[in-house]
Amino acid sequence: MSDMKRQNLNSTKYDIPPELESQVSITTIDKIYNWSRRNSLWPLMFGLACCAIEMICTAASRYDFSRFGMEVMRPSPRQSDMMIVSGTVTKKMIPQIVRLYNQMPEPKYVVAMGACASGGGPFKEGYNVVSGVDKYIPVDVYIPGCPPTPQALLHGLITLQRKIDNQSIKTVRWYQKEPIDAIPIPVLGPDIMNPNEFGDIEEFSQNKLSETEIDESDPEAVS
Amino acid sequence: MSDQEILEPTEVVFDDDLTKRFPDHVSYDSRKGYKGFIIDTKKLYEVAAVLRDDMGYDFLSSVTGVDYFPEETMEVVYHAYKSIGGPGVEFKVQIPRENAVVSSLVRVYPGADLQEREIWDLYGIRFSDHPDLRRILMWEGFAGHPLRKDWTEAYFEDEGKPFKSRWPEGQVTRTEDENPFGKNVEYPAGFRPDTWVPDKDALLYSSLTRSGKSKDWKELNTDTIVVNMGPQHPSTHGVFRIVVELDGEKIVSLKPVMGYLHRNHEKIGERNTFLQNMPFTDRLDYLSSMSNNFGYALAVEELMGITPPERAEYIRVIMAELTRISNHVFAIGMFLNDLGAFFTPSLYAIEERELILDIFEAVSGSRMMCNYFRFGGVARDFPDGTLEKIRNLIFDRLPRRIDELDIYLSSNEIIRSRSEGIGVLTPEQAIAFSAAGPILRASGVPYDVRRADPYSIYDRFDFDVAVRYHGDTYDRYLIRIDEIRQSLRILKQAVNDIPEGPVLTGKQQYQVRVPAGESYGRVEGPKGELGFYVVSNGKPNPWRYHVRAPSFINLTGFESMCVGNKVADVVAILGSVDIVLGETDR
């Protein structure tokens, strides 16, 4: 692991006496913090659809993502760092996905695996399909493919590790003074409803109602 | 007299019999390209009872609805077969679109249970006397019945593909930009979200028996508890939810809840052109895409009236059998996972599966979503060296590795004590619940579509229909090993006999002409009988595209398998049923 080498870890600003070089490293808190976090990303054991099978294959011996420190898949969101959204997100499932995301402790990351999780994929037009999990929860890495091959998934996870390398504890959201608000859980109504949008939905429905009333009362106005 | 009837059941010309028996209520479906009978709604129950009891059509394969919007009618289409084999019978009822009610066949064919619920959910056809008519794929409160032809979704663009916005000029617009909310949502007129009461699964919980007091412990005032497993649960093989009612650790009643991966295959499929549906079938049972291709290709080929060339038939059989092996090793691995042998047996199973996926990748370009079959053949011939690879695999490596799995696993004491006598499904129950594939055969019914109603070139191969007789979880595990061995037998013959020649009838084309009519193509998929019901009205898009999904229908008998067992056994039983949620929910 290249980032474990001392020259990567050491901050260059301070000179270490030559006799202490093999015992002492001087580094920044960001570096050591990111280094330890990026090498123990525990994914949530959570499969949605076809991509989950490729995720299992990536975990299995041939591709083996434990080489990168991710072998500990946790079935409980309370113990995991990363959610791999592996498959089509449906409207019926999105409340549970948001709830799982809210239950994960910070720092947490989301990887949208495959076309469906990234943007609806081949099923985008379907009436029960959410066109991308990023409509409801923030996504860190998108992996294209239908399904992405295990190599592509590994590449996506390594991309996430690079992203973690560049984070600073001064700016990350979980060390800010303000508390992090939980994402409101969508409600299953006549269609999926985001609680933040109740006002818009009401306005939309009332407009639609008045339009149809005009149509019915005065058919000549339409023609 | 009765002896003769038993000896020659298929010789009875039942067609005349049924119309003679109910002259006023049963008539032939005389539309061009259609088959079967049209039955008066009032007499449906009686006719079905006669079909099952007097004529031997005891296995109800598929029930589905069709919305003939221009004619203002809806149809419910039934396909029934004999569990002793042979061709089936198709019958339908026609009803007006408004206030559609059909009498339920659950009392004749319990296997209609989940399918009728699906028709109610997607078409709004009520089934009178259905014991538990709730929505199944969508949630309670969802606006409308989506498969009706006059129901359009939020991202609706056009009746059929290719969309005019993209072709021939090729401007691409994003549908979310046109939606006022920027996402795939639509709300009915006059809807008020602040007064909306979300469904709290009250109907679902009331459908459990909730006996209140335990029967065994009358002196103790105990109550049953309801436990939800899933949709996020590591052992449910995806997003599947099971609601169990427990008396202590014992299961009193159980309801499967599905729809968490309902991706609207059928609605999208009715907008796609016939060929565009082929890659969508891959994503049904995503562990065995080649078998799904096979079923759909057969259904459309029957409508088109074409047959693939000889070499393509062999390639199809080779691919379908390799799919069965890869599916079954994966199923065995995951079953062991569910029993608590966490991941080690799976790793061995996945290793073999990867080798088969390499072959798929070589021939089709993709590991999982092969999209390899075409109407009248396959997309392309084997690349050089592939046949040699297959030969090495099936003659040398796989038989050894399957024996190895068998030796290490089948006699393992923990596996036997966890699975023997658990989740028993009797042969009568299995037929009644329309269970198919390994579930049916593990219960002692030697019904295999490859033998019972041969398609493609399966009548040429020498193989046994694997069958086990206990119907428990252990037998459902063993039958998969048996089936792998039989598949290897078929593969050995196919690889030796494969001729040279073209792999596609006619030339490759994007658009196929499919004459008007209906067809039902079914294959023996790894999970069971996979059927495709396709209705064409001569346009480039199918009018109706329905999938008879074995994973879905095998769950009809899931409650019967589980009741009386311990809650920990649910996981093992579900593992032995081997469902794939892409197919269950479609």
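The values are calculated or read from the model by the stated rules, or taken from the named source; none is laboratory data. This is a predicted model, so every value here is computed, not measured. For neighbour counting, all protein chains shown are included, and Cβ atoms are generated from backbone atoms with ideal geometry for every residue, glycine included. Each accessible area value is taken on the protein alone, full model and side chains, heavy atoms only, with ligands, DNA and RNA left out. Shrake-Rupley method; radii C 1.70, N 1.55, O 1.52, S 1.80 Å.
If the condition is being over 20 Å from residue A:134 (Cβ atoms) and of a type outside the set (D, E, K, R), then the range A:163-187 contributes A:166, A:168, A:169, A:171, A:175, A:176, A:179. In summary, residue A:56 fulfils each of the numbered conditions (1) open to solvent by 10 Å² or more (accessible area, probe 1.4 Å); (2) more than 9 Å from chain B (Cβ to nearest Cβ); (3) in a helix (DSSP H, G or I); (4) not acidic (Asp, Glu) with the single exception of condition (2). With respect to being open to solvent by 10 Å² or more (accessible area, probe 1.4 Å) and within 17 Å of the chain's Cα centre (by Cα), residue B:284 falls outside the description.
Residue count for the range A:13-29, restricted to those that are under 40 Å from the mean Cα position of the chain (by Cα), exposed (fewer than 10 other Cβ atoms within 10 Å of the Cβ) and assigned to a helix (DSSP H, G or I): 0. Picking from residues in the range A:39-51 that are touching a residue at least 60 places away in the same chain (Cβ under 8 Å) and crowded, with 24+ Cβ neighbours inside 10 Å, the one that is nearest to the other protein chains (Cβ to nearest Cβ) is A:50. When residue A:155 is tested against (1) farther than 20 Å from residue A:43 by Cα; (2) out of contact with any helix residue (DSSP H, G or I) (no Cβ under 7 Å at 6 or more places or on another chain); (3) more than 14 Å from chain B (Cβ to nearest Cβ), exactly one condition is not met: (1). Of all the criteria given as (1) more than 18 Å from residue B:545 (Cβ to Cβ); (2) at the interface with another protein chain (Cβ under 9 Å from one of its Cβ atoms), the one not satisfied by residue B:104 is (2).
When residue B:349 is tested against (1) surrounded by fewer than 22 Cβ atoms within 10 Å (Cβ to Cβ); (2) within 11 Å of chain A (Cβ to nearest Cβ); (3) touching a residue at least 24 places away in the same chain (Cβ under 8 Å), only condition (1) is not met.
So that you can scan it fast, the table gives a plain yes or no per residue for (1) open to solvent by 10 Å² or more (accessible area, probe 1.4 Å); (2) under 24 Å from residue A:41 (Cα atoms); (3) in contact with a strand residue (DSSP E or B) (Cβ under 9 Å, 6 or more places away or on another chain):
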position: A:85; (1), (2), (3): no, yes, yes
position: A:88; (1), (2), (3): no, yes, yes
position: A:93; (1), (2), (3): no, no, no
position: A:106; (1), (2), (3): yes, yes, no
position: A:109; (1), (2), (3): no, yes, yes
position: A:119; (1), (2), (3): yes, no, yes
position: A:127; (1), (2), (3): no, no, no
position: A:133; (1), (2), (3): no, yes, yes
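When B:131, B:162 are checked against the criterion of being at pLDDT below 90, in a loop (DSSP other than H, G, I, E, B) and away from every other protein chain (no Cβ under 14 Å), a single residue qualifies: B:131.
Close Cβ contacts (under 7 Å, 6 or more residues apart or on different chains) running from residues in the range B:407-436 that are closer than 16 Å to residue B:467 by Cβ to residues that are acidic (Asp, Glu) comprise B:424/B:472; B:431/B:58; B:436/B:529. Residue count for the range B:468-480, restricted to those that are among the hydrophobic types (A, V, I, L, M, F, W, C) and either modelled with pLDDT under 90 or surrounded by fewer than 19 Cβ atoms within 10 Å (Cβ to Cβ) (or both): 0. In the range A:59-69, of all residues being open to solvent by 30 Å² or more (accessible area, probe 1.4 Å) and of a type outside the set (Phe, Trp, Tyr), the one that is farthest from the other protein chains (Cβ to nearest Cβ) corresponds to A:67. For the range B:93-129, enumerate the residues that are open to solvent by 20 Å² or more (accessible area, probe 1.4 Å) and in contact with a Lys or Arg (Cβ under 9 Å, 6 or more places away or on another chain). Those that are open to solvent by 20 Å² or more (accessible area, probe 1.4 Å) and in contact with a Lys or Arg (Cβ under 9 Å, 6 or more places away or on another chain): B:99, B:101, B:103, B:120, B:129.
At least 1 residues being among the β-branched types (Val, Ile, Thr) is the threshold, and among the helices (runs of 4 or more DSSP H) wholly inside the range B:531-586 those reaching it are B:550-554, B:567-577, B:581-585.
Applying the criterion of at least 3 residues that are within 30 Å of residue A:32 (Cα to Cα) to the helices (runs of 4 or more DSSP H) found wholly in the range A:86-195 leaves A:94-103, A:150-165.
When residue B:203 is tested against the conditions (1) within 14 Å of chain A (Cβ to nearest Cβ); (2) among the aliphatic types (A, V, I, L, M); (3) in contact with a Lys or Arg (Cβ under 8 Å, 6 or more places away or on another chain); (4) in a loop (DSSP other than H, G, I, E, B), the lone failure is (4). Regarding residue B:401, is this residue in a helix (DSSP H, G or I), under 25 Å from residue A:57 (Cβ atoms) and open to solvent by 20 Å² or more (accessible area, probe 1.4 Å)? For residue B:401, the condition - in a helix (DSSP H, G or I), under 25 Å from residue A:57 (Cβ atoms) and open to solvent by 20 Å² or more (accessible area, probe 1.4 Å) - is met.
Cβ separations smaller than 9 Å between residues 6+ apart or across chains give the following pairs from the range A:114-138 residues that are at the interface with chain B (Cβ under 8 Å from one of its Cβ atoms) and on the phi > 0 side of the Ramachandran plot to residues that are surrounded by fewer than 24 Cβ atoms within 10 Å (Cβ to Cβ) and part of a loop (DSSP other than H, G, I, E, B): A:120/A:132; A:120/B:155.
Restricted to the range B:39-128, the set of strands (runs of 3 or more DSSP E) holding at least 2 residues that are closer than 21 Å to residue B:530 by Cα and among the aliphatic types (A, V, I, L, M) comprises B:59-68, B:73-81. Of all residues in the range B:496-527, those being open to solvent by 60 Å² or more (accessible area, probe 1.4 Å) and outside any loop (DSSP other than H, G, I, E, B) number 2.
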